[in-house]
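The values are calculated or read from the model by the stated rules, or taken from the named source; none is laboratory data. This structure is a prediction, so every number in the text was calculated from the model and none was measured. Here the Cβ positions follow ideal geometry from the backbone for every residue, glycine too, while neighbour counts run over all protein chains shown. SASA here: full protein model, heavy atoms, side chains in, ligands and nucleic acids out. Shrake-Rupley method; radii C 1.70, N 1.55, O 1.52, S 1.80 Å.
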Amino acid sequence: MRMLALLALFWIAASPQVGAETAPASRWQKLAEDGLHDPANPGLAFLQEPGQALSRLPPDVVGNRVRWVEALRQGMIAPRASIFPGTQIRVLDGDVIMPRTGEMPMVRFPHKQHTEWLDCSNCHEALFKSKAGATPVNMLEILGGEYCGRCHGAVSFPLTECNRCHSVWREGTGPDHAGKP
Amino acid sequence: MPANPDINGETHRAPQGRTGLKKLLLVLLLCLSAPAAAEYADVVLNKRSEAAGMPPVIFQHWFHRERFRCKVCHSELGFQMRVGANDVLMTDIIDGKFCGACHNGSLAWGPENCELCHSGLPGLKTGIRGDAETRGPGRW
C-alpha cells in the first residue's frame, strides 16, 4: 500500500496539469502528438499550437488550463459577439441562487458571465425554463451531459470544480464555522 | 501478543505479496497507457468524412473561442450544442453556411484548403475530446 501511495504521489507530482501556477507552453500537447491530428499531414504547419496561444492567458489547473471568463474580463481576448449585421446581442446581469443542493453549499449561477459568451436561446427554453425553480436540475443528469453538463465537463470548466458553482454557504455553515465544512 | 494467531501460532496477514504486485502492475499499466491528450473540448467530426474518403475533421474550441463567443456559432450559425447533432455537408459550407460563414477565403481560409480541417488520424470516432481531467459527461 505504501508503495502504491508513493507511486500515486509521484504520478501526481510528475503530471504537468496538476497544481502548476505558471504556464510554460510545454503544458499543452503539441498538435502532432495529441492523438487526434495526423502528424503526417503537411497542413499542421499552418495551424496554431495550443501552447503558443494559451500560455499568454490567465492560468487554470483544469480544462484548457485557461480562465476564459477572466481572460475576457481583463480584455486579454476580444472574441466577436456576432458576425451578421443586425444580430441582437443580449447580456443579462443577475444571479440565480439554487438552494436545493442537499449538504453542499448552494449554487450561484451568474447570468452575466454566461451571457457574455452565450445567447439566451442556448439555454432557454430547451435546457432550462426561464422561471427560477421550474427546472428539475440534478447532478446525475449534469454528469450525464444535461443541463449545466451540456458545457461544463465538455468545453467550460469541468465538473471536478465543485466549489466554483456550489459557492454559497448556508447560514451557520462554511469555513468560519468550526466542525462544519 | 500478535493479533489473530492461528493454530500454528502464525499471525494472519493479507497475502500482500501477490495482490500488492498486481496493484503495482495495474498502476504502472495505467501510467503507461495514458493516451496522448487532445486539448480540452477538441471535437472530432467523422459522421461523414471517412465514409466520403476524407480524413476526419478536428475542430478546436480553444482556437475559435479566442476569436468568437459561443453565441456566434451556437446561435447565429445554428450549430447544436451536442456532438453528432449537426449535419454539416461540404455543399453547405461552400454555400456559406456553418463553417462556411467564416471559412470563405475572406475572413478565414476557404474550403479549398481541405487538409487544414480534415486533419485527423484515420479511424477516429465522432466525439468531444481532451476530457482527461474528468472523463467528461458520460453521454459524450
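If we keep just the residues of region B:70-97 that are over 16 Å from residue B:113 (Cα atoms), more than 7 Å from chain A (Cβ to nearest Cβ) and among the polar types (S, T, N, Q), which is surrounded by the most Cβ atoms within 10 Å (Cβ to Cβ)?
B:86
Go through region A:3-29 and report how many residues are open to solvent by 40 Å² or more (accessible area, probe 1.4 Å), closer than 25 Å to residue A:78 by Cα and either more than 10 Å from chain B (Cβ to nearest Cβ) or modelled with pLDDT of 95 or more (or both).
Here the count works out to 5.
Filter region A:30-48 down to the residues that are crowded, with 17+ Cβ neighbours inside 10 Å and not in a helix (DSSP H, G or I), then identify the one that is farthest from the other protein chains (Cβ to nearest Cβ).
A:47
Return the residues of region B:121-140 that are modelled with pLDDT of 90 or more and out of contact with any strand residue (DSSP E or B) (no Cβ under 9 Å at 6 or more places or on another chain); say none if nothing qualifies.
Selection gives B:122, B:123.
Can you tell which of B:37, B:101, B:52 is surrounded by 15 or more Cβ atoms within 10 Å (Cβ to Cβ) and either polar (S, T, N, Q) or modelled with pLDDT of 95 or more (or both)? Even if it seems obvious, please write down each step before you answer.
Working: B:37 fails: either polar (S, T, N, Q) or modelled with pLDDT of 95 or more (or both); B:52 fails: surrounded by 15 or more Cβ atoms within 10 Å (Cβ to Cβ).
One residue alone meets the criteria, B:101.
Applying the selection to region A:98-120, what residues are loosely packed, with under 13 Cβ neighbours inside 10 Å and either of a type in the set (Phe, Trp, Tyr) or in contact with a Lys or Arg (Cβ under 9 Å, 6 or more places away or on another chain) (or both)?
A:99
Here is a list: A:142, A:77, A:97. Which entry is in contact (Cβ under 8 Å) with a residue 12 or more places away in the chain, farther than 21 Å from residue B:65 by Cα and under 18 Å from the mean Cα position of the chain (by Cα)? Walk me through how you get there before you give the answer.
Numbers: A:77 fails: farther than 21 Å from residue B:65 by Cα; A:97 fails: under 18 Å from the mean Cα position of the chain (by Cα).
The unique qualifying residue is A:142.
Just the residues that are at the interface with chain B (Cβ under 10 Å from one of its Cβ atoms), open to solvent by 60 Å² or more (accessible area, probe 1.4 Å) and closer than 18 Å to residue B:78 by Cα, please, taken from region A:122-169.
A:126
Only residues that are out of contact with any helix residue (DSSP H, G or I) (no Cβ under 9 Å at 6 or more places or on another chain) and at the interface with chain A (Cβ under 7 Å from one of its Cβ atoms): list them for region B:38-60, please. Give the steps one after another, and end with the answer.
Kept after step one, since they are out of contact with any helix residue (DSSP H, G or I) (no Cβ under 9 Å at 6 or more places or on another chain), are these residues of region B:38-60: B:38, B:44, B:46-47, B:49-51, B:53.
Scanning region B:38-60 gives B:38, B:44.
Which condition number does residue B:67 fail, the rest of (1) modelled with pLDDT of 95 or more; (2) open to solvent by less than 60 Å² (accessible area, probe 1.4 Å) being met?
Of the numbered conditions (1) modelled with pLDDT of 95 or more; (2) open to solvent by less than 60 Å² (accessible area, probe 1.4 Å), the odd one out for residue B:67 is (2).
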